[in-house]
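What follows is a single structure, written as structure tokens, with notes after it.
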Amino acid sequence: MKRLPGQNPARGLTRSLTRSLTLTTGCLLAGAVGLLALVSLFWLPYASDDTSGGRLAAPGDGHLLGTDKLGRDLLTQLMTGSRIAVQAGLGSVLIAATVGVTLGVLAAFAQGWLDDTLSVLLDILIAFPTLLLAMLIVAARSATLESAVLAIGLAQSAVVGRLVRVLVKRVLAQDFITASRTSGTSWPRIVAGHILPNIWPTLVVNLALQFGLAVLAEAGLSYLGLGAPPPNASWGRMLQEAQATFTTAPAGALAPGILLVLLVIGVNLIADGLRDTLDPAARRRRA
Amino acid sequence: MARYLLRRFVFLLVSLALASVVLFVLLRMLPGDPANALTAVGATDEQIAAARRSIGSDRPLPEQFTHWIGQLLRGDLGTSFVSSLPVGPEVGARLNVTVPLTLAAFVLAVLIAVPAGFLAAYRRRTWYGSLLSGVSQLGIAIPVFWLGMILIAVFALNARWLPAGGFPPDGWDRPGEAIRSLVLPVLTIALVMSASLIRYVRSATLDVLGSDYLRTARALGSSFGRAMWRHGLRNASVPVVSILGIELASTLLGAVVVESVFALPGLGSLLATGIAQHDYPVIQGVLFVSTLAVLIIGFAADLLQRIIDPRLRRGLSGGNR
Amino acid sequence: MTILDIRDLTIRTAGGRVLVDGLSLSLAPGQRLGLIGESGSGKSLTSLAVLGLLPEGMAASGSVELAGTQVVGASERRLAKVRGRDAAIVFQEPLTALDPLMRAGRQIAEPLRRRGLSGTELRRAVLAALERVLLPEPERIARAFPHEMSGGQRQRVALAMALACEPKLLIADEPTTALDVTVQAELLDLLDALVREREMAVLFVSHDLAVVAKVADRVLVLKDGRAVEEGDVRDIVTAPREPYTRALVASARQLESALDRRSGR
């Protein structure tokens, strides 16, 4: 298997985990939120529709972080919210990766007018912001987490698709592709054996960034009432509900935002750390 | 150049036509029936049929499409299914809020990001260089609506310096009030936007700082400042301009969330209501106008890039192909 | 009298690795010295150190005196005065060394402007600078962008820029390495003629002994950041003392003799 220079993913990854502060911090932040999401699958302080706490109870006294205006426990809501955020991120990135890589590889192999058409289509799709596309899709179906994830994932596939197209074209121009073509390797084998291994470092970094963007987009949709419906406590919905009582009960309007920022920063730091270890040329440029 | 302008203009028209078709088809795929929005719950089949006739949704799709395009060519965006008011003037009125909001935020973001991004690159080994990079890291992770909420809590609810939301009903007839109500939304968008811009300005500056031509200029006696002014600024602006185009376009369309936080009667809130009520002409109108704006912004950014960078004056798209 | 006097120059990375180790050399006005060595021998770093332009993270110690000015540790303002006036440089890669977004004429005008020229006088000086490096149609080249020229033309423009400064010392850092062989020979002849008629001192950096022999009178051989051997070009070529220099000469001769054999001599 041939690689472009400067890549030794497996060794680079372990070494950088111990050496790169960026990557370690990122893993800690994102991991903490991930752990919260994981725990919420098995245990929650209260049931998510338990409104016995009384309206806007102050933190402490059986409710570690207090309650919201319907009397639901804030910590419970934060935990289910973390699960929804992680689900939204993973789901969107999965869709974006599957559709985007397929589209991008096809567009890269296409020649002439087909190539032009595909890239113009991708450009137009990208010009259409994630949020609008998502609003349309959510409006067409109904406001559920699945609709939101589908919408965000599809909008992101255009971005991933365009990136993959450029990356694959660059690899296709390399001499070793011509060499394996001449020696009679079939295209599917070239894609699996040469192209994917060469584009994955950049791709993984981009997908990590897309994860953060997806979490933000889902929060935005939920804030607009287009995300997971109640009683699912998405962070975006929690913030929307707490907006009116920001000054009287700040915990509810701050905690979901803080967790959201921590998760997104964590994932972005992971992306930065990965880029530094997987792509030494980029590191030198950034240094 | 004239030939390029012509070709690029044709490209714009084709994209617009393509986008209109996509828009139209996508909307008709929505499951809801706009006639439902017009009639009371439990309306008879006849009432529903009458409602459909009145808004033309009983016609075959191609006919509806040609009707819409015909209207567009006459500069008419159609009539709202729900309010029976023409969409054009409504969109125009909303643009009075959204366009100043977007442009002011854009200008402010550039004013913040260009010096900050330059410093983050030029002083990257000092504490404030790292601080700037860190702040921009934080900025791109903050949801724009949450930042809006925090700014409202601090500057409107606590300090009571500025209104928490809304827009004067008589709009720009009372410029002082109108401007006051736009200060926080503009600040919200500008801060989030500059956070991501700083990263692009920083990396463009790093490219310039490491470039051979800058070294040549200095080796032949230019001071660092003069070399940056003569060579650096122009070269760094090439990648930044293309990002600026995308940022401006996405801010214009993404204003919907911020408008919702601050209860501003802009294009975004019109779209949100339109979607909720299945009001096709309104949705189509808003999306058509914003697509047009996005395409024109892209055109302008491409043109600007070509003026700056002679190497791009060869291909059609002038992009990175 | 010397134009360039380097004493015990040592260049280290931030990590403490020594790239150039205790190098000393000196150049009198009109003298032409070839600095030869393989890539990584520290020859390009030395030429950058003369102008105080080492890449970030590298530090020079020792003494570099350029026309009476101490370059090591000098302030940026002081260096800017010395650069161009006392020493100018031509880099290896003409495509990236020129500003891609600026017409050639304006780039050549920059150093001329600093010498106080303006208006028609400046225009005439730019065209004269282009004619001096034997560029055909100087008017057209002056309006061209770097990507609209051939590699040889770009390097002539870079040379014209350096000469427009009228320096006392011209540093040429592998100026012909990126060019086609035929273009290479033309450019070397041109450079040789131009510095001879101006009696300019030259520090010519190259990995190619044959190229150095064409321009320089004296040669200093660098290996791993240390001076291995120094002497007259003729002496070095006919009687190299050090094993490394012998290897260099032998490989250059081998290429040449292959040519001789094939041509049936």
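The values are calculated or read from the model by the stated rules, or taken from the named source; none is laboratory data. Note that this is a predicted model, so its numbers are computed, not measured. Virtual Cβ from ideal backbone geometry, glycine too; neighbours counted across all protein chains shown. Just the protein is used for accessible areas: all its heavy atoms, side chains included, with ligands, DNA and RNA removed. Shrake-Rupley method; radii C 1.70, N 1.55, O 1.52, S 1.80 Å.
Taking segment A:71-101 as the range and being in contact with a Gly (Cβ under 8 Å, 6 or more places away or on another chain) and open to solvent by 10 Å² or more (accessible area, probe 1.4 Å) as the test, the residues that pass are A:R72, A:V86, A:G91, A:V93, A:L94, A:I95, A:V99, A:V101.
Meeting the requirement of 3 or more residues that are open to solvent by 20 Å² or more (accessible area, probe 1.4 Å) and either out of contact with any strand residue (DSSP E or B) (no Cβ under 9 Å at 6 or more places or on another chain) or of a type in the set (A, V, I, L, M, F, W, C) (or both), the helices (runs of 4 or more DSSP H) wholly within segment C:91-150 are C:104-114, C:119-132, C:138-143. For segment C:70-89, a residue qualifies if it is buried (at least 24 other Cβ atoms within 10 Å of the Cβ) and facing chain B (nearest Cβ under 9 Å), and the qualifying residues are C:R83, C:G84, C:A87, C:A88, C:I89. Residue-level check: of (1) within 11 Å of chain B (Cβ to nearest Cβ); (2) at pLDDT 80 or above; (3) within 28 Å of B:F145 (Cβ to Cβ), A:S157 misses just (1). For C:L163, the conditions (1) surrounded by fewer than 22 Cβ atoms within 10 Å (Cβ to Cβ); (2) within 14 Å of chain B (Cβ to nearest Cβ) all hold with the exception of (1).
Check off (1) assigned to a helix (DSSP H, G or I); (2) more than 9 Å from every other protein chain (Cβ to nearest Cβ); (3) out of contact with any Gly (no Cβ under 9 Å at 6 or more places or on another chain); (4) free of Cβ contacts under 8 Å to residues at least 24 places away in the same chain for A:V261 and give me the number that stays unchecked. So A:V261 meets the others, but not (2). What number of residues within segment B:146-155 satisfy the criterion of being more than 25 Å from the chain's Cα centre (by Cα) and either buried (at least 17 other Cβ atoms within 10 Å of the Cβ) or not in a helix (DSSP H, G or I) (or both)? Counting residues in segment B:146-155 that are more than 25 Å from the chain's Cα centre (by Cα) and either buried (at least 17 other Cβ atoms within 10 Å of the Cβ) or not in a helix (DSSP H, G or I) (or both) gives 2. Hey, could you check segment A:244-287 for residues that are charged (D, E, K, R) and touching a helix residue (DSSP H, G or I) at 6+ places or on another chain (Cβ under 7 Å) and say which is modelled with the highest pLDDT? Taking the candidates together, the pick is A:D272. State whether the residues of segment C:14-35 include one that is within 20 Å of C:A160 (Cβ to Cβ) and outside any helix (DSSP H, G or I). Checked segment C:14-35: at least one residue is within 20 Å of C:A160 (Cβ to Cβ) and outside any helix (DSSP H, G or I). Tell me yes or no: at least one residue of segment A:236-246 is part of a helix (DSSP H, G or I), within 22 Å of A:L154 (Cβ to Cβ), open to solvent by less than 50 Å² (accessible area, probe 1.4 Å) and at the interface with chain B (Cβ under 9 Å from one of its Cβ atoms). Within segment A:236-246, one or more residues are part of a helix (DSSP H, G or I), within 22 Å of A:L154 (Cβ to Cβ), open to solvent by less than 50 Å² (accessible area, probe 1.4 Å) and at the interface with chain B (Cβ under 9 Å from one of its Cβ atoms). For the residues A:A251, A:A219, the requirement of being farther than 30 Å from C:P55 by Cβ and more than 9 Å from chain B (Cβ to nearest Cβ) singles out A:A251. Residues in segment A:146-161 that are within 20 Å of A:G227 (Cβ to Cβ) and crowded, with 24+ Cβ neighbours inside 10 Å: A:A148, A:V149, A:A151, A:I152, A:G153, A:A155, A:Q156, A:S157. Taking each residue of segment B:298-313 that is under 15 Å from A:D123 (Cα atoms) and looking for partners that are open to solvent by 30 Å² or more (accessible area, probe 1.4 Å) and among the hydroxyl-bearing types (S, T, Y) with beta-carbon atoms closer than 7 Å, six or more apart or interchain, yields B:A301/B:S242.
Residue by residue through segment C:199-228, note down the ones that are out of contact with any helix residue (DSSP H, G or I) (no Cβ under 7 Å at 6 or more places or on another chain), on the phi < 0 side of the Ramachandran plot and either modelled with pLDDT under 85 or not basic (K, R) (or both). Passing the criteria: C:M200, C:A201, C:H207, C:D208, C:V212, C:L220, C:A227. Only residues that are in contact with a Ser or Thr (Cβ under 7 Å, 6 or more places away or on another chain), within 11 Å of chain A (Cβ to nearest Cβ) and not aliphatic (A, V, I, L, M) were counted across segment B:248-267, and they come to 3. Checked across segment B:282-300, the condition of being farther than 30 Å from C:L169 by Cα, among the hydroxyl-bearing types (S, T, Y) and in contact with an Asp or Glu (Cβ under 8 Å, 6 or more places away or on another chain) holds for no residue. When segment C:1-31 is filtered for residues that are of a type in the set (G, A, S) and under 15 Å from C:K43 (Cα atoms), the ones remaining, listed by number, are C:G22, C:S24, C:S26. The combined condition, being surrounded by fewer than 18 Cβ atoms within 10 Å (Cβ to Cβ), touching a helix residue (DSSP H, G or I) at 6+ places or on another chain (Cβ under 7 Å) and away from chain C (no Cβ under 14 Å), is fulfilled by B:P168.
So that you can scan it fast, the table gives a plain yes or no per residue for (1) at pLDDT 90 or above; (2) under 24 Å from C:V205 (Cα atoms):
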| residue | (1), (2) |
| --- | --- |
| C:R85 | no, yes |
| C:I89 | yes, yes |
| C:Q92 | no, yes |
| C:D99 | yes, yes |
| C:I108 | yes, yes |
| C:G119 | no, no |
| C:R132 | no, yes |
| C:P138 | no, no |
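Number of residues in segment B:54-68 that are of a type in the set (A, V, I, L, M, F, W, C) and either touching a helix residue (DSSP H, G or I) at 6+ places or on another chain (Cβ under 6 Å) or loosely packed, with under 14 Cβ neighbours inside 10 Å (or both): the value is 2. What are the residues in segment B:133-165 that are β-branched (V, I, T) and facing another protein chain (nearest Cβ under 9 Å), if any? Residues satisfying the conditions are B:I140, B:I142, B:V144, B:I150, B:I152.
Would you check if there is a residue in segment C:235-249 being farther than 18 Å from C:Q92 by Cβ, polar (S, T, N, Q), more than 16 Å from the chain's Cα centre (by Cα) and open to solvent by less than 80 Å² (accessible area, probe 1.4 Å)? Scanning segment C:235-249, I find at least one residue that is farther than 18 Å from C:Q92 by Cβ, polar (S, T, N, Q), more than 16 Å from the chain's Cα centre (by Cα) and open to solvent by less than 80 Å² (accessible area, probe 1.4 Å), so the answer is yes.
Are there helices (runs of 4 or more DSSP H) fully within segment B:171-284 with at least 3 residues that are open to solvent by less than 10 Å² (accessible area, probe 1.4 Å) and closer than 18 Å to B:V114 by Cα? List them.
The helices (runs of 4 or more DSSP H) meeting that bar are B:175-209.
Would you check which residues across segment A:162-190 are closer than 21 Å to A:V93 by Cα and open to solvent by 30 Å² or more (accessible area, probe 1.4 Å) and list them? The answer is A:R162, A:L163, A:V166. If the Cβ limit is 7 Å and pairs must be 6+ apart or interchain, which residue in segment C:91-110 that is aliphatic (A, V, I, L, M) pairs with which residue that is part of a loop (DSSP other than H, G, I, E, B)? Within 7 Å, the pairs are C:A97/C:F91; C:L101/B:D309; C:A104/C:A144.
Is it the case that segment A:198-210 has a residue that's free of Cβ contacts under 8 Å to residues at least 24 places away in the same chain, surrounded by fewer than 22 Cβ atoms within 10 Å (Cβ to Cβ) and under 30 Å from A:G81 (Cα atoms)? Scanning segment A:198-210, I find no residue that is free of Cβ contacts under 8 Å to residues at least 24 places away in the same chain, surrounded by fewer than 22 Cβ atoms within 10 Å (Cβ to Cβ) and under 30 Å from A:G81 (Cα atoms), so the answer is no.
When you scan segment B:126-139, do you find a residue that is in a loop (DSSP other than H, G, I, E, B) and more than 26 Å from the chain's Cα centre (by Cα), even just one? Among the residues of segment B:126-139, at least one is in a loop (DSSP other than H, G, I, E, B) and more than 26 Å from the chain's Cα centre (by Cα), which makes the answer yes.
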